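A.B. asks: Got a structure for you, written out below as structure tokens; questions coming shortly.
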Amino acid sequence: MSNQSKSGKGTESVWAGELKAFHDGSHTVPIVNSVTFAYNDLDEWYEVAKGEREGHIYSRNTNPTVQVLEEKIRILEGAEAATSFSSGMAGISNTLFALLKPGSRVVSIKDSYGGTSRLFLEFLPAYNIKVILCETDDHEQMEREIAEGCDLVYLESPTNPTLKVIDLERIAKAAKKAGAVTVVDNTFASPINQNPIELGADLVIHSATKYLGGHSDTLCGLVCGSKSLIHKIFLYREINGASLHPETAYNVIRGMKTLELRVNRQNNNAMAIARFLSDHPKVEQVYYPGLEKHPGHDIAKRQMHGFGGILSFELKGGYESVKTLLHNLKYVHLAASLGSVSTLAGPPRTTSHVELSEEQRRQLGISESLIRYSAGIENAEDLIADLEQGLGLI
Ligand SMILES: *Cc1c(COP(=O)(O)O)cnc(C)c1O
């Protein structure tokens, strides 16, 4: 485990990785756009190249700006080490390809992010890697499958789009017993709301495209964990080449300075909106782990510091009602993605789960009247008033 002293998450969001002033007293992180790094002394160059001395050789491998971002997420997640990628999916696929080999067995869940599901269903089986997808909230099934032999357990919590909650501590314990590595995609929660390493996970993955960047203007992936696992993943990425550009790293660093402010606001907005929708006659069902009636509420209360900024809800009146509401909202962009300062919403049947059949969606509990709503940092009163007028038109 890391041994840094524990500051508040707001303080860490601002200062982690940036305590000392940079070149020439620069107060902000310099964007080092150099691909290669020059040495005056061949012996020094040789030592850096051999990994015996700190320094940079080539930016596909390491870069000073990118390194600050990796340090920031490392501290926020309480990990020993971190590495970075050009997108969240690059982080996920590099992690899986670095750690798995033909004959490996993976246990995961049905409600994974769409891109991750495609890795599990299309790409990994081509390398003779067996993937078992369990019912997302069936902890007993996961424990049974893990006990049958498992190299890697891959989890997400809360999940997309119905915000199912997995007891991460319980499943990580089962994985440890089986000698498997536990990987948690923590994108939905962000490090402000949940820290899977504290709950026993070995690796934490973020699509920093979402809450960490926070402004929907940057693709980035980050992975944290033990020194040895991160080194293995880093060596694979070095050659695979899915490296993060320093300009992009800077955008994410800047975004992360307000991470705690944004996420706390989004937690409060989502909770207020979930309560408002729960009482509305045009709304059939609300999915939000902060609601006492949500099936995962007790686990979420135990393992999360906040319930997150994403909720989903079903309207009465089917897809026609979805169209009426979404076409008449003022403070929402109808778009994929989540975790931005501005509110984003859309029907999973059009966005994250467009490739599934109606029947497959039904099996995942995704009805055509379901809307996913990622609350931004606007004032809750305005978002609620907007929803109220839109629902009034149904
Ligand atoms: C968006 C997302 C990803 C993929 O991230 P990209 O940055 O778009 O590649 C992975 N997992 C979750 C939970 C996501 O929401």
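A.B. asks: Restricting to segment 322-356, and then to whatever is of a type in the set (A, V, I, L, M, F, W, C) and within 16 Å of the ligand (Cβ to nearest atom), can you tell me which residue is surrounded by the fewest Cβ atoms within 10 Å (Cβ to Cβ)?
C.D. replies: Filtering segment 322-356 down to residues of a type in the set (A, V, I, L, M, F, W, C) leaves 322, 325-326, 329, 332, 334-336, 338, 341, 344-345, 354, 356.
With the extra rule that they be within 16 Å of the ligand (Cβ to nearest atom), the set shrinks to 335-336, 338, 344-345, 354.
Values: Ala335: 14, Ala336: 16, Leu338: 29, Leu344: 21, Ala345: 24, Val354: 12.
In this case the residue turns out to be Val354.
A.B. asks: Working carefully through the options Ala172, Ala180, Ala189, Ala147, find the one that is closer than 30 Å to Gly213 by Cα and more than 15 Å from the chain's Cα centre (by Cα).
C.D. replies: Within the list Ala172, Ala180, Ala189, Ala147, the selection yields Ala172.
A.B. asks: Still on this model: Could you say which residue among Leu203, Leu212 is closer than 26 Å to Arg60 by Cα, modelled with pLDDT of 95 or more, in contact with a His (Cβ under 7 Å, 6 or more places away or on another chain) and surrounded by 24 or more Cβ atoms within 10 Å (Cβ to Cβ)?
C.D. replies: Going through Leu203, Leu212 in turn, just one is closer than 26 Å to Arg60 by Cα, modelled with pLDDT of 95 or more, in contact with a His (Cβ under 7 Å, 6 or more places away or on another chain) and surrounded by 24 or more Cβ atoms within 10 Å (Cβ to Cβ): Leu212.
A.B. asks: Quick check on this structure: which one of Met89, Met142 is under 22 Å from Leu222 (Cα atoms) and out of contact with any Asp or Glu (no Cβ under 6 Å at 6 or more places or on another chain)?
C.D. replies: Met89
A.B. asks: Can you tell me which residue in segment 38-94 is farthest from the ligand (Cβ to nearest atom), limited to those that are among the polar types (S, T, N, Q) and part of a strand (DSSP E or B)?
C.D. replies: Looking at residues that are among the polar types (S, T, N, Q) and part of a strand (DSSP E or B), I get Thr83.
A.B. asks: Name the one entry in Leu235, Leu222, Leu244 that is more than 16 Å from the chain's Cα centre (by Cα), outside any loop (DSSP other than H, G, I, E, B) and either within 16 Å of the ligand (Cβ to nearest atom) or modelled with pLDDT of 95 or more (or both). Before you say what the answer is, go through the steps one by one.
C.D. replies: Values: Leu222 fails: more than 16 Å from the chain's Cα centre (by Cα); Leu244 fails: outside any loop (DSSP other than H, G, I, E, B).
Step by step, each of Leu235, Leu222, Leu244 is checked, and only Leu235 is more than 16 Å from the chain's Cα centre (by Cα), outside any loop (DSSP other than H, G, I, E, B) and either within 16 Å of the ligand (Cβ to nearest atom) or modelled with pLDDT of 95 or more (or both).
A.B. asks: If Val354 meets every condition in (1) touching a residue at least 12 places away in the same chain (Cβ under 8 Å); (2) in contact with a helix residue (DSSP H, G or I) (Cβ under 9 Å, 6 or more places away or on another chain) apart from one, which number is that one?
C.D. replies: It fails just one condition, (1).
A.B. asks: Further question on the same structure: What are the pairs with Cβ atoms under 6 angstrom where one residue, in segment 202-231, is at negative phi and the other, located anywhere, is within 12 Å of the ligand (Cβ to nearest atom) and among the charged types (D, E, K, R)? Sequence gap at least six, or different chains.
C.D. replies: Note: pairs meeting the criteria are Ile205/Asp185.
A.B. asks: Further question: Being in contact with a helix residue (DSSP H, G or I) (Cβ under 6 Å, 6 or more places away or on another chain) and of a type in the set (A, V, I, L, M) is the requirement here; does Leu329 meet it?
C.D. replies: Here the answer is yes, as Leu329 does meet what is asked.
A.B. asks: Hey, another quick one. Examine segment 342-349 for a residue that is among the hydrophobic types (A, V, I, L, M, F, W, C) and closer than 14 Å to Glu284 by Cα, and state whether such a residue exists.
C.D. replies: no
A.B. asks: Could I ask something else about it? Among the candidates Thr116, Thr95, Thr62, which residue alone is surrounded by 15 or more Cβ atoms within 10 Å (Cβ to Cβ), on the phi < 0 side of the Ramachandran plot, touching a His at 6+ places or on another chain (Cβ under 6 Å) and β-branched (Val, Ile, Thr)?
C.D. replies: Values: Thr116 fails: touching a His at 6+ places or on another chain (Cβ under 6 Å); Thr95 fails: touching a His at 6+ places or on another chain (Cβ under 6 Å).
The unique qualifying residue is Thr62.
A.B. asks: Here are some residues: Gly308, Gly365. Which one is in a loop (DSSP other than H, G, I, E, B) and either under 27 Å from Ser216 (Cα atoms) or in contact with a strand residue (DSSP E or B) (Cβ under 8 Å, 6 or more places away or on another chain) (or both)?
C.D. replies: Residue meeting the stated conditions: Gly308.
A.B. asks: If you go through segment 186-209 one residue at a time, do you hit one that is within 14 Å of the ligand (Cβ to nearest atom) and among the charged types (D, E, K, R)?
C.D. replies: no
A.B. asks: To continue, here is another question. Restricted to segment 357-394, and to residues that are under 16 Å from Gly318 (Cβ atoms) and among the basic types (Lys, Arg), which residue is surrounded by the most Cβ atoms within 10 Å (Cβ to Cβ)?
C.D. replies: Arg361
The values are calculated or read from the model by the stated rules, or taken from the named source; none is laboratory data. These figures come from a predicted structure and were not determined experimentally. Here the Cβ is made from the backbone with ideal geometry for all residues, glycine too, and neighbour counts use every protein chain on show.
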